[in-house]
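Asks: Questions regarding the structure given below will be posed in turn.
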Amino acid sequence: MERLYYDIDLEKVPQHLAIIMDGNGRWAKSKMMPRTYGHKKGVETIRKIVEESKRLGVKYLTLYAFSTENWKRPKEEVDALMNLLVSYLKKELAELDKNGVRILTIGDISALPKVCINELEKSKEKTKDNKDLTLSLALNYGGRADILNTVKLIAKNVKDEQILIEDINEEMISKYLTTNESVDPDLVIRTSGEQRLSNFLLWEVAYSEFYFTDAHWPEFDEKELQKAIYSYQNRDRRFGAIK
Ligand code: FPP
């Protein structure tokens, strides 16, 4: 395969890659530019990483685009992020569809501006039969909020005598989470030097590998992605067992 910067085994690429895209603001600041400039560049990275993930054979790519805590940012920045989401979908939908990318969301998108919801629904509908890569955008997503919602749904079903308490198991919980269309992540990447999960995929990462890089999201690229996958392939995943 062309453009392999690292000796990656293409048979063992993570099936599900999840990314915490951090550092847009810091990157922009280092260039004496406004934070929104960093987000704009961040969208370009998304474009590159979606394409490269597909090329390498990743099946599920989940991107942390907007957390339940991100509402605390200044209104102008929240608006800018929402506008970028809409323009990204408008601009990329045809190409994503052509490339066999299926678009999904995780989190509660009902709280997003109407124009975002419309564009997301349109994108999901248009790409629903695509099978090459599932791109899940985490929007108004929080791991705890998703678990809390699941607890409520299951409790209601117990109350309505739809399920027995004895039947509640891990598989059932996974099915109620908004991440239920993907397998658990094999690899979680966080850019920009921070080493924490920030409420991302709490239930799903039980056995995931983690990779941290100092690169800010706008400077993360195909080579950085391959480096992360190469590192992942040199880990010894035992899932609690012994070899
Ligand atoms: C982190 O940078 C990034 C985000 C808050 C969200 C990522 C969003 C985008 C790349 C653009 C919009 C999304 C889509 C799906 C089109 P930061 O602002 O936290 O950086 P900092 O930690 O340096 O301040």
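The values are calculated or read from the model by the stated rules, or taken from the named source; none is laboratory data. Predicted, not measured: the structure shown is a model, and the values here were computed from it. Counting neighbours? That spans all protein chains shown, and the Cβs are built from the backbone with ideal geometry, glycine included. Ligands, DNA and RNA are stripped out before the accessible areas are found, and what is left, the full protein with its side chains, is counted by its heavy atoms. Shrake-Rupley method; radii C 1.70, N 1.55, O 1.52, S 1.80 Å.
Asks: Sorted by packing (mean other beta-carbon atoms within 10 Å per residue), highest first, where do 13-26, 208-221, 145-158 land?
Replies: With the highest mean Cβ count within 10 Å placed first, the list reads 13-26, 208-221, 145-158.
Asks: For each pair in Lys31/Lys54; Lys54/Lys227; Lys75/Lys223, compute the distance between the two Cα atoms and list the pairs where it is over 24 Å.
Replies: Long pairs (Cα-Cα over 24 Å): Lys31/Lys54; Lys75/Lys223.
Asks: Given a Förster distance of 35 angstrom, what is the FRET efficiency for Lys156 paired with Lys72, based on the Cβ-Cβ distance and rounded to 0.05?
Replies: Using R0 = 35 Å, I get an efficiency of 0.70.
Asks: Then there is this: How large is the accessible surface per residue of region 39-168, computed with a 1.4 Å probe and reported in Å² as a whole number?
Replies: Spelled out: the 1.4 Å probe surface of region 39-168, per residue, equals 52 Å².
Asks: On a full-extension model of 0.36 nm per residue, what is the gain between Tyr230 and Glu121, subtracting their alpha-carbon distance, rounded to one decimal in nm?
Replies: Taking Tyr230 through Glu121 to full extension adds about 35.7 nm, to one decimal.
Asks: Using Cα pairs under 8 angstrom and six or more residues apart, how large is the relative contact order of the chain, in percent?
Replies: Here the relative contact order equals 30 percent.
Asks: At what distance in nm do the modelled label points of Met32 and Lys114 sit from each other, each positioned 7 Å from its Cα along Cα→Cβ?
Replies: 4.3 nm
Asks: Further question: Which of the peptides 30-41, 70-81 is most tightly packed, and how do the rest follow, judged by the mean count of other Cβ atoms within 10 Å per residue?
Replies: 30-41, 70-81
Asks: Also, I was wondering about something else. Mean separation of Cα pairs under 8 Å and 6+ residues apart, divided by the residue count of region 1-129: what relative contact order is that in percent?
Replies: 23 percent
Asks: Do you know the Lys pair count in region 122-206 for C-alpha distances under 23 Å, with sequence separation 8 or more or different chains?
Replies: For region 122-206, qualifying lysine pairs total 7.
Asks: Continuing with this model, one more query. Could you tell me whether region 197-238 comes out rounded, prolate or oblate from its Cα gyration tensor? Rule is a ≥ b ≥ c as square roots of the eigenvalues, rounded for a/c under 1.5, then prolate if a/b exceeds b/c, otherwise oblate.
Replies: It is oblate, given that a/c is not under 1.5 and a/b is not larger than b/c.
Asks: Under the rule of -39500 (n - 2.57) per DSSP H run of 4 or more residues, summed and divided by the residues of the chain, what mean residue ellipticity at 222 nm is obtained, to the nearest 500 deg cm²/dmol?
Replies: -14000 deg cm²/dmol
Asks: Taking H as built 1.01 Å from N, whose amide H comes closer than 5 Å to the amide H of His216, not counting residues under 5 places away?
Replies: Those qualifying (amide H under 5 Å, at least 5 residues apart or on another chain) are Ser192.
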